[in-house]
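Since the structure comes first, as structure tokens, the remarks are kept for the end.
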């Protein structure tokens with residue numbers, strides 16, 4: 001039933017789609033800044049899966065394949081997600097210290 | 001059905017279930033633990049696509065670093081065990097419709113397109129080639145990411161320290 005499914009791009013793109021949609025839903029519905037941040041992580045991972053899947057679509061089985069761009073970009077996504085985690089936690093800590101609350105709907109001092 | 005097919009299907013199902021728990025579970029601690037599962041599934045997909053260095057980096061940086069930071073923030077937030085972290089049904093209406101429409105549209109596009117055959121490389125070690133690429137054609141982006149990391153860390157430290165402004169104000173008053 002599943003024979004050859006690993007050599008088809010569809011299942012990877014389907015996984016990426018599901019990650020993106022659930023991440024977007026998490027961002028839109030969570031009432032906790034940390035929850036919103038977890039949704040951002042899901043969306044970033046969806047993009048990274050797409051990069052690696054299209055790398056494998058373009059990859060040559062020869063040893064000196066020049067098509068490594070997808071892996072490089074996924075690596076940059078992982079690194080930037082790490083620093084994003086640090087900055088997001090710093091902001092959450094600061095907001096929690098000031099407001100005793102990290103509900104994004106309740107923190108509205110910057111609302112225009 | 002080879003082992004690779006089984007493994008990819010296993011990662012797909014695990015990732016879908018775990019990301020659904022992340023999106024839908026009302027308790028944020030459970031959602032954070034389920035995020036570990038979905039990141040592990042992504043690492044499995046990387047490994048089955050022949051990106052071994054990336055799978056290791058995902059395991060070390062995401063599952064080892066980012067998840068710890070997220071769990072720390074979750075433990076710090078108040079009322080973990082109250083079921084208050086999801087909105088009421090009223091405010092979930094529009095996001096649900098948007099998500100379902102987006103998922104159906106993307107799946108339709110995905111099924112109706114002929115993507116061609118994947119040529120998964122023979123699971124050779126990609127670490128050498130990634131290192132050569134990072135110091136060769138991608139050196140500028142590599143340095144740029146390093147600068148972003150440095151200033152991001154400095155900014156995170158400055159933002160997280162609450163006493164800097166207070167001390168300045170006290171010094172000005174006295």
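Bear in mind that the values in this text are calculations on the coordinates, not laboratory data. Since the model is a prediction, treat every value here as computed from it, not as a measurement. In this analysis, Cβ positions are derived from the backbone assuming ideal geometry, glycine residues included, and neighbour counts consider all displayed protein chains.
Computed values, structure above
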quantity: On Cα atoms only, tilt of A:69-99 relative to the major axis of chain A in degrees; calculated: 10 degrees
quantity: Histogram of C-alpha separations across the range B:3-137, 5 Å bin width, %; calculated: 2, 9, 12, 15, 17, 15, 13, 9, 5, 3, 0
quantity: Computed E for residue B:24/residue A:108 - FRET, C-beta separation, R0 25 angstrom, nearest 0.05; calculated: 0.45
quantity: Number of partner chain Cβ atoms within 10 Å, mean per residue of B:28-35; calculated: 3
quantity: Alpha-carbon spread of the range B:1-55, three principal axes, descending order, Å; calculated: 37, 26, 11
quantity: Label-point separation in nm, residue B:71 to residue A:100, each point 7 Å along Cα→Cβ; calculated: 2.9 nm
quantity: Those residues of the range A:1-30 whose amide nitrogen sits under 19 Å from the label point placed on residue B:117, 7 Å along Cα→Cβ; calculated: A:1-12
quantity: Gaussian network model of chain A, springs between alpha carbon atoms under 10 Å - residue of A:82, A:46, A:33 with greatest fluctuation; calculated: A:82
quantity: Estimated [θ] at 222 nm from DSSP helical runs (n ≥ 4, -39500 (n - 2.57)) normalised by residues in chain A, nearest 500; calculated: -24500 deg cm²/dmol
quantity: Residues A:27, B:147, A:102, sorted so that the one with the fewest Cβ neighbours within 10 Å comes first; calculated: B:147, A:27, A:102
quantity: Fewest-first ranking of B:124, A:84, B:143, using other Cβ atoms within 10 Å as the exposure measure; calculated: B:143, B:124, A:84
quantity: Global form of chain A, assessed from the alpha-carbon gyration tensor, a/c cut-off 1.5; calculated: prolate
quantity: Ranked list, fewest to most other Cβ atoms within 10 Å of each Cβ, for A:25, B:142; calculated: B:142, A:25
quantity: Folded to 0 to 90 degrees: helix A:10-29 orientation relative to chain A principal axis, Cα; calculated: 0 degrees
quantity: Peptide A:36-46, shielding by other chains (average Cβ, 10 Å cutoff); calculated: 5
